[in-house]
Amino acid sequence: CLFCGLGALSVTLHALSFTGQALECYECGYAGCLFPSKKTCGFLESCVTYKTVTTIKKGCINPTQCLSESSETYMGITKKTTPSCCITNLCNSAAMPRVSAITGIALLVTLWLSKLF
């Protein structure tokens, strides 16, 4: 989609016009996302998070690639993923996925029941 890439570039340019500087994003590879580092992206880059069913990768990306499906290879396994891009400092948060309240309660009940029997 020609215009989709231009839209992403337009949003990034708009964000940079307010900040006047490159974004700071979290960066980590598939094996190291428990403790991501901070990285200053290049001019006109956006923050990105690639997610597959079992892995996460974070870093910087050219905004024209934000809407494109890509293939990522980790440990010899290639998976298709669509990058999730954002345009504010540290917006590709290092926070781990949260457990829902229902899942947490179910886990506690299961642990409690396992202690009884």
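The values are calculated or read from the model by the stated rules, or taken from the named source; none is laboratory data. A quick note: this is a predicted structure, and the numbers were derived from the prediction, not measured. Cβ sites come from the backbone with ideal geometry, for glycine too, and all protein chains shown count toward neighbours.
Just a few scattered comments:
- When we screen 97, 36 for residues that are at pLDDT 75 or above and either of a type in the set (S, T, N, Q) or under 14 Å from the mean Cα position of the chain (by Cα) (or both), the only hit is 36.
- Filtering segment 25-47 to residues that are surrounded by fewer than 20 Cβ atoms within 10 Å (Cβ to Cβ), assigned to a strand (DSSP E or B) and not charged (D, E, K, R) leaves 28, 37, 40.
- Members of segment 76-92 that are among the polar types (S, T, N, Q) and in a strand (DSSP E or B): 78, 81, 84
- Check on residue 73, more than 11 Å from the chain's Cα centre (by Cα), surrounded by fewer than 17 Cβ atoms within 10 Å (Cβ to Cβ), polar (S, T, N, Q) and assigned to a strand (DSSP E or B): yes
- Checking each residue in segment 48-70 for being in a loop (DSSP other than H, G, I, E, B) and not β-branched (Val, Ile, Thr) picks out 62, 66, 67, 68, 69.
- Scanning segment 23-54 for residues that are polar (S, T, N, Q) and without any contact (Cβ under 8 Å) to a residue 40 or more places away in the chain yields a count of 4.
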